[in-house]
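Student: A single structure is presented below for examination.
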């Protein structure tokens, strides 16, 4: 027995299972566990969505261009400096800021009952200060472990079973066979296991651990592991088939990433592993008895996907009990399928007769549809087509077309077509369609059309497609591709020109095919205009089809389409300026500039023809002329002037200067960069530069002498090497500190020490190091040091000014740009505007990342509409022609999303992609959050799927938490919330504390309430050493006190959290106290709520608007308006936040409920003095308007004798309870009170 077990261990650890290792905690056993290889080299790649070979774009945008002037400064040293500075300025800093933005998504209010953030600073405080002391909740025995596993199963949280298992092993718990079987069974039957390579790898790891400790697997162990591997084999095979359908006809430049995925999947061998483990089981345990359901699934998988030798071995070693009368009825279909694949048709017939005799149900085909399907498959597999047709004819004759099962008909038609009998399949299809119950599927149509195309029967294919229309073939991209290619090869241009336009873009996007033959057929037959129209539709970036269905490979495919189209043109057409101009107009619609094989020829043909014209407007529109000029400049800069287009660029510029017509430039900086490659005199270049700047948008201006211009500082570069005053030793030391670590890890004290030594010697840093130094200091909040560095730069500026005013101004503008950034971080808006104005006086504007920081830090005290401020700053970047960046768009998208301005948010998102910028996971997280805020589930889901399919996707926890929160608090769907939680875990992301809090909400607030699962999540967190924070106690208090109205249990939870806070094990926040106050108010225990406010003072937690909202509601409920107003006013002096619109609304409603219209108007007047958006103010003021229109304002002045305080006016109450009454207020009195 031991030798057989060792052979199994050797097999699983052998190179046969090539790939990475399985990492697990050490086991207490005599034999130390060896690493278990993964099921393939691509497991980690597939898990994390990464490819082993990075994608290489084949086109560039203007922001990819190198700087035109040759940079000195020690060659590689300056290159390193610029790379590091760009990383800090555009990546490190922005990404850090955007990480904060995305983390705040988790605490955003999407209809939460907490009305405020639930994560945020307490989490960071715990992590950064280390105040949280993790408790080691070790399992004491197997029963305790099993109990938690069963609760996870009940709560559908089985994806965490392996984590708990690893923790238990780490704690030294020794498992028996029952525990191992339970773990294996739960993991194997998890609904996500088959789609996750890591889940299968972990499952094998548990199985190996069981063998390592000397336990002998039983039938339950084997069935769990083998069936899980069979399901994985089914998933892997289907994934490979889908990917191969996209690779088979694709352009070579696109297939690299898809091919790597196929290679990764092929490296897995789950079916071989399943067969090996099964073989080992029957050899080691002679009396083992598998269930019929096990044989059904395993034999079916091996028969469908396995090799003949594997199937033969299994069939020869089936035990006699498999063919018993008790189990054969369920196994007959799969046994027939197996014997059919092995070519033993006589066995199939015997099984068929045996089944009929045993069940006597063959009087109706629906009773034995499984057996009939298996028999048909056996006949078709062995090319016994006539026998298969005979079976169908027998059923048709005996029962009629209406009684033939649809699934049986579909299988028959599909196999008949695949065998090349497409005409017979079509005949059968028309016969079966006489039944009103029969509805043909797209898959059957696909098989018939594909068979006809494979046989080159173009006439049949045309008739067949016209019979069912193109809409019926939706999603059958490979068949439609072959159909269009057949039309092209057979020169059926009359049909091709009709069927190609509605299909070409979607089919090309799925199959990654360029349709070169289609273009050749159209062009060679004299339909050049049709081909050009088809090309425009083929590559139209505005055609936004379902991006969830087509991953983003179009940016690599489109250049291939253009190149193949060019190859389809003959030499005469390539010289035709009208054809080239038409192609240029199509290229103008693309995002960015494409690098094509015929760029030079195309542009030169257009330019030479243009040079012969007396007036270019007769040949080119101003927009096309501007694009032609920019495209030529792009190629010149991209090739550093080596492609011979420099003279052509000169011709275009001379034509521009000669005619002097306005041009709508969109990428003007490319033209500026290209000027450095001209050999014309400097005077001509200066005139061209000045003329171009006068044509661009109004953000550019000139000084009184016409020589100074406003320019994005990132687009201008000067050679400032060779300054004698630069201390090279100190410069290298400081530069190394700034570039070798993220700004958070820079030793600021040592940095300032080195800079102080520099100042003592009277020397300076290299001019381009100063902006980097200021940026790092400001991001570390050392604003005092920033000012010292700034003063030091002024002395260097004066030295540089004596030799070159232009270079000195450029250097000072660089420094001012970094000072704008520093001021924005310090929230010194006055100095930020001052520095920006000084830059403009020098002729420059800040770079995109600086504007992004301005947007991120644009919120001022009392500012309630920072989205409008952000948009104003963003519009300034457009007016000033600042080169955009992803960070800039992310900043403004975040502001718009938080303001629930989703339409504008999505408009900017598409604008960003149209400008050639690739969205990051941060961008998608922002857009998803915006969609969730307005309750647009479809948009949120589509954006989420699009995000996951991006080639550059890097999984982050924030977007998943956003979707979970949205499903829980807006859509009230626990099932969908759990789906996103599972997707988070499958993506290899560890759930955050906020994730678990959202799961608690899902079980504790959505019906049916499952309070047991809430406790399970609490225990799961503790077992996994996940910090239990104040937000989790807040959730429990809300569930117990408000949802279940168990204020006693809520108070016990509250007191437990207080004890932990006193023991320094927990940091309490305002949301925690808010939950308890809301629970007490809901349960009419207002006095106890006051004691909670006192507890807040003891723990140093201040009031916020949402706590005050609860207190206002509570005191208004008992008629104590004075106390409600006390807390309303108290928020301004002792609160951590300003009043929210909801605070004003609650106070207004309270006053109106008790006929206090004058007091309500006074609250509204306070609201109007704040800078809230108009719709927010109008919503609250309309409450008073409605009240005054329906009630006599004379009744608002109640004296104590008229009505006791706390006695609501029934008429006033009707306003808020939906009771309608006729207005009885005179207009004069109404107007007087309004005044």
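Student: When a footprinting reagent is the concern and you count Cβ atoms within 10 Å, what order do 421, 348, 384 take, fewest first?
Tutor: Neighbour counts put them in this order, fewest first: 384, 421, 348.
Student: From a point 7 Å beyond the Cα of residue 153 in the direction of its Cβ, which residues of segment 1003-1023 have a backbone N at a distance under 17 Å?
Tutor: Under cut-off, by backbone N: 1013, 1016.
Student: Something else: Mind giving me the FRET efficiency for residue 611 and residue 803? R0 is 41 Å, r the Cβ-Cβ distance, nearest 0.05 is fine.
Tutor: Values: r = 41 Å, r/R0 = 1.01.
Result of the calculation: an efficiency of 0.50.
Student: How high is the relative contact order of segment 596-660, given as a whole-number percent (alpha carbon pairs under 8 Å, six or more residues apart)?
Tutor: On the way: 32 pairs, mean separation 26.2, N = 65.
Relative contact order for segment 596-660 comes out at 40 percent.
Student: Let me ask something additional. When the chain is fully extended, how far beyond the present Cα-Cα distance does residue 838 get from residue 471, taking 0.36 nm per residue of separation?
Tutor: Details: separation 367, 0.36 × 367 = 132.12 nm, distance 6.19 nm.
The residue 838-residue 471 span can extend by a further 125.9 nm.
Student: Same structure, new question: If you rank 841, 268 by fewest surrounding Cβ atoms within 10 Å, what's the result? Could you put the intermediate results ahead of the total?
Tutor: Values: 841 14, 268 28.
Fewest-to-most ranking of 841, 268: 841, 268.
Student: With 10 angstrom as the radius, rank 1033, 1172 by how many other C-beta atoms surround their C-beta, starting from the fewest. Intermediate results must be reported in sequence, preceding the final value.
Tutor: Details: 1033 26, 1172 21.
Result, fewest neighbours first: 1172, 1033.
Student: Between residue 937 and residue 1094, what is the spin-label point distance in nm, taking each point 7 Å from the Cα along the Cα→C-beta axis?
Tutor: 4.7 nm
Student: At 0.36 nm per residue, and after removing the present C-alpha to C-alpha distance, how many nm does the segment from residue 744 to residue 434 gain when stretched out fully?
Tutor: 104.2 nm
Student: Let's test the formula: R0 of 60 Å, r as the Cβ-Cβ distance of residue 354 and residue 489. What FRET efficiency results, to the nearest 0.05?
Tutor: Numbers: r = 51 Å, r/R0 = 0.85.
Once rounded, the FRET efficiency stands at 0.75.
Just so you know, all these numbers are worked out from the coordinates, no wet-lab data involved. The structure presented is a predicted model; accordingly, all values stated were derived computationally and were not measured. Here the Cβ is made from the backbone with ideal geometry for all residues, glycine too, and neighbour counts use every protein chain on show.
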